[in-house]
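First comes the structure, then the notes that go with it.
The values are calculated or read from the model by the stated rules, or taken from the named source; none is laboratory data. Not measured: the values here are computed from a predicted model. Methodologically, a virtual Cβ is constructed for each residue, glycine included, from the backbone with ideal geometry; neighbour enumeration extends over all protein chains shown. The area values use the complete protein model at the heavy-atom level, side chains included, leaving out ligands, DNA and RNA. Shrake-Rupley method; radii C 1.70, N 1.55, O 1.52, S 1.80 Å.
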Amino acid sequence: MSPADAAGDRADPLNAPASFGPVLLFRGLTDQRLSLSALVGHPEDAPPPDLQSACGPGRYRALMRIDGLVVARIDFALPVGDGVAAYRLDGRNHQVVTRLDGDLRMAFVSCNGQEHGDFDRPEAQRNAMWARLVADHARQPFALLLHGGDQIYADEDVKSHPLTRDWPDRPPREVTAAELHHLEAALRRAFVVRYTRLLASDAVARISAMVPSLAMWDDHDICDGWGSLERSRGRSAIGQIVFRIAREMFLLFQHGAVEDDIPDLFADPSGAALGWHHRLPGFDLIAPDLRSERGRRQVMGPGGWSLMERLRDARPQGHVFLISSVPLLGPRLSLVERVMTLIPSMQKYEDDLRDQWQSRAHREEWRRMLSLCLDVMEDAPMTVLSGEIHLAAQARMRGRGRDLIQLIASGIAHDAPPQGYARGLGLLAGLGEAPLPGHPIRIGRLPGQRGRYVAERNYLTLERREGSWSAEWELEQSGRTAPVAL
Ligand SMILES: [Fe+2]
């Protein structure tokens, strides 16, 4: 089915907002221009939104039509000139930071939802940290908004169809082609509803209209543990439909893209991996895709490795920010994993651990990735940005001259786990870990915090001032941390 005409099986209207957007997406930067796309949704019978900027009118392209809703993008540019420029969409002005050299602020968020009842929470509670991000932007604007994975939690959508209700634990025995077709259409509708509700919610909509986004997905943008599932589940016809629809929706709603756009937006033109890399004034942003090529025994495949090796070979000179949706530095989880293999009822948790870089199954690959980071750090300082664990934390691995720093900020909307969980992880972290001999990993503390892991919702801000980078966490209860120098 062509994505531009993806009507569902049912004729009833989509239970989704009639419109959403603009959601700004970063496309590129030259000396003169900041290139952007604005993702918008509008009713099929309404005229396409009109976007104007000092660089001229935007170029509209419909990407998908589904049950009366059109999802489209408008490509446009802003002059870099004064550092701030406005665009006008359907009569409303939006200001955008256009200079990415000199002093600058970025925000990093992850885990925007939860597995059960995400939208059953009152919006003010669900989006409390988003509202804080909006206020933060009003005080001192962000130039970029980085999304580090789990931008949606699709779990309930996947579970909403009879064929996938008990999948992947108990897959249905026999499935007809007609049932699979029905599943595909139902999943597409469910994902569209989830994404549009999210993008149309007040605080998310406000920040998305002003700050260009760059996103990398993680498992919940597909389903819990995608890639670490038993091979027979992931590769089954049902598993492939879940992945295909999740990927189509990731491209559409997180990148304003369809299949043809892949060579322009991602490092691997085949689209087998959806990693990306942007070289910006004085810093690099790179995000390998840890999901598309993942299997029980690998985190990344050829697409992911080639992206990372090209980064190393390009010898970056500025600060490198590596988005690793799943934390790259962490405690010795392999110990816990070893214990769990002995207890059959712990299988689910064993699968969760399998999803981590630190799993015994990925030990060699983890070492390869860390060695590659050390190589990059011969030329440039590097900071890893991660989410996934619904806690705030920082870690360091001793390097050959400078340390590899990792900042974990998660989640922006996912509720924090119990304090006991954070304390347990903190105890485990006390044991230390050194996957590369001579390069121990240490889990530090956030400024002003007693425990190593902070169980509060949060987001991260990254700031460059007079050439020096620092990071601060905004914690839901404890507030703003002091800055950590990077
Ligand atoms: Fe998450």
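Couple of notes before you dig in:
- Gly41 being part of a loop (DSSP other than H, G, I, E, B), surrounded by 19 or more Cβ atoms within 10 Å (Cβ to Cβ) and at pLDDT 95 or above: no
- Qualifying residue in region 288-307 (condition: at positive phi and modelled with pLDDT of 95 or more): no
- Looking across region 274-313, the residues that are closer than 17 Å to Leu370 by Cα and of a type in the set (D, E, K, R) come down to Asp289, Glu309, Arg310, Arg312, Asp313.
- Of the candidates Ile238, Ile262, the single residue that is over 25 Å from Leu353 (Cα atoms), of a type in the set (Val, Ile, Thr) and out of contact with any helix residue (DSSP H, G or I) (no Cβ under 6 Å at 6 or more places or on another chain) is Ile262.
- For region 42-82, the set of residues classified as hydroxyl-bearing (Ser, Thr, Tyr) and either in contact with an Asp or Glu (Cβ under 9 Å, 6 or more places away or on another chain) or within 20 Å of Arg188 (Cα to Cα) (or both) consists of Tyr60 only.
- Breaking point among (1) in contact with a helix residue (DSSP H, G or I) (Cβ under 7 Å, 6 or more places away or on another chain); (2) crowded, with 18+ Cβ neighbours inside 10 Å; (3) at pLDDT below 95, for Arg400: (2)
- Helices (runs of 4 or more DSSP H) wholly inside region 232-348 containing at least 1 residues that are over 30 Å from Val40 (Cα atoms) and in contact (Cβ under 8 Å) with a residue 12 or more places away in the chain: 237-249, 302-313, 333-340
- Selection from region 429-460 of residues that are buried (at least 19 other Cβ atoms within 10 Å of the Cβ) and of a type in the set (A, V, I, L, M): Ala429, Ile441, Ile443, Leu446, Val454, Ala455, Leu460
- Just one of (1) in contact (Cβ under 8 Å) with a residue 40 or more places away in the chain; (2) open to solvent by 30 Å² or more (accessible area, probe 1.4 Å); (3) β-branched (Val, Ile, Thr) fails for Ile222. It is (2).
- Matching residues, region 52-67, being on the phi < 0 side of the Ramachandran plot and without any contact (Cβ under 8 Å) to a residue 40 or more places away in the chain: Gln52, Ser53, Ala54, Cys55, Pro57, Gly58, Arg59, Tyr60, Arg61
- Of the residues making up region 121-168, those that are of a type in the set (S, T, N, Q) and surrounded by 19 or more Cβ atoms within 10 Å (Cβ to Cβ) are Asn127, Gln151, Thr164.
- Taken together, Val71, Val84 contain a single residue that is β-branched (Val, Ile, Thr) and open to solvent by less than 30 Å² (accessible area, probe 1.4 Å), which is Val71.
- The lone criterion from (1) within 16 Å of the ligand (Cβ to nearest atom); (2) of a type outside the set (Lys, Arg); (3) open to solvent by less than 50 Å² (accessible area, probe 1.4 Å) left unmet by Pro381 is number (1).
- Residue that is farthest from Gly225 (Cα to Cα) [pool: residues in region 106-120 that are within 15 Å of the ligand (Cβ to nearest atom) and not small (Gly, Ala, Ser)]: Phe108
- Some residue of region 157-164 being of a type in the set (A, V, I, L, M, F, W, C) and either on the phi > 0 side of the Ramachandran plot or more than 16 Å from the ligand (Cβ to nearest atom) (or both): yes
- Test: Ala237 is more than 26 Å from Arg363 (Cα to Cα), surrounded by fewer than 22 Cβ atoms within 10 Å (Cβ to Cβ) and either in contact with a Cys (Cβ under 9 Å, 6 or more places away or on another chain) or modelled with pLDDT under 95 (or both): yes
- Matching residues, region 87-98, being at pLDDT 95 or above and either open to solvent by 10 Å² or more (accessible area, probe 1.4 Å) or over 14 Å from Pro141 (Cα atoms) (or both): Tyr87, Arg88, Leu89, Arg92, Asn93, His94, Gln95, Val97
- The listed residue being open to solvent by less than 10 Å² (accessible area, probe 1.4 Å) and more than 19 Å from the chain's Cα centre (by Cα), out of Leu187, Leu229: Leu187
- Within region 373-396, residues that are under 20 Å from Ala422 (Cα atoms) and among the β-branched types (Val, Ile, Thr) reach partners that are open to solvent by less than 30 Å² (accessible area, probe 1.4 Å) and within 16 Å of the ligand (Cβ to nearest atom) with beta carbons closer than 7 Å, at six or more positions or on different chains, in the pairs Ile389/Pro327; Ile389/Ile408; Ile389/Ser410.
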